[in-house]
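Report on the structure given below.
The values are calculated or read from the model by the stated rules, or taken from the named source; none is laboratory data. Keep in mind the model is a prediction, meaning the values are calculated, not measured. Glycine also receives a Cβ, built like all others from the backbone with ideal geometry; neighbour counts cover every protein chain displayed.
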Amino acid sequence: MKHYIQTVFGRGRGSCTATAIACVLDLEQDDVPNFAAFGRLRWIDALAMWCEAQKIHGRYLHASDGDPAPGTLTVASGFGPRYGCIECRWFGLPNETVLDEKGCPRCPRCNTVPAPIRHSTVWQDGKTVHDPHPSGQGLAYPPDGWWIFERCPQDGCGQCGLPGATRERRLRAEALLEEHGVAGGANIENHGATVVPGGDASAARPSEPAGA
Ligand SMILES: [Zn+2]
Ligand SMILES: [Zn+2]
């Protein structure tokens, strides 16, 4: 595996997931687009399309369905130790927030209540084995689940991608990747993913992209 450090940071826009995927699949860092940049409701479409184009079988194992098989390198999905502000995009550690009169944390810039930021790490045998964030602090809690990626054993079996990705979703994802100038591979700029309420129809997967 590789040990890359993410290059984009921030709530709902950081490149931790893409960086962790490059690590577990032993790819060049720039070969995995920053899926978070596609936005909260669309990043999973982009991931599905990219897996399909790259002949990768991806799946999400929810923590309630058990642990990944021993030895498997996975991308753990959960919450890192950092907080982010939806209002002004500030992010930092809990001790960098300011406390209001009730002792609750507030954004030091705009006084909005900050929220924990999702994060992804490279995970194996029950622990983070590489944190793409330069702090190296890993996840603050046990992961909600794991993304598991495997190269297609047949170099293209017709079912590469993410299970459950419909034709409609694939077409939507194709248009998205084209719009961002990604042919299932090249790096992309951060297009300012926004964090909005709502979620992905596939309930078991995290609907919000991991942040920083
Ligand atoms: Zn703020
Ligand atoms: Zn396949």
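Here are some notes:
- Residue within segment 65-80 that is touching a His at 6+ places or on another chain (Cβ under 6 Å) and either within 21 Å of D144 (Cβ to Cβ) or modelled with pLDDT of 95 or more (or both) present: yes
- Looking only at residues in segment 109-124 that are within 12 Å of F91 (Cβ to Cβ) and either of a type in the set (K, R) or modelled with pLDDT of 95 or more (or both), the one that is farthest from ligand 1 (Cβ to nearest atom) is R118.
- Every residue from segment 62-78 that is surrounded by fewer than 20 Cβ atoms within 10 Å (Cβ to Cβ) and within 22 Å of I117 (Cβ to Cβ): H62, A63
- As a summary of the residue check, P33 satisfies the conditions (1) under 18 Å from the mean Cα position of the chain (by Cα); (2) not in a loop (DSSP other than H, G, I, E, B) except for the one numbered (2).
- All positions within segment 70-108 that are away from ligand 1 (no atom under 12 Å from the Cβ), without any contact (Cβ under 8 Å) to a residue 60 or more places away in the chain and under 23 Å from T19 (Cβ atoms): G71, P81, L93
- Leading residue by the ranking (farthest from ligand 2 (Cβ to nearest atom)) among those in segment 109-128 that are in a loop (DSSP other than H, G, I, E, B) and without any contact (Cβ under 8 Å) to a residue 24 or more places away in the chain: N111
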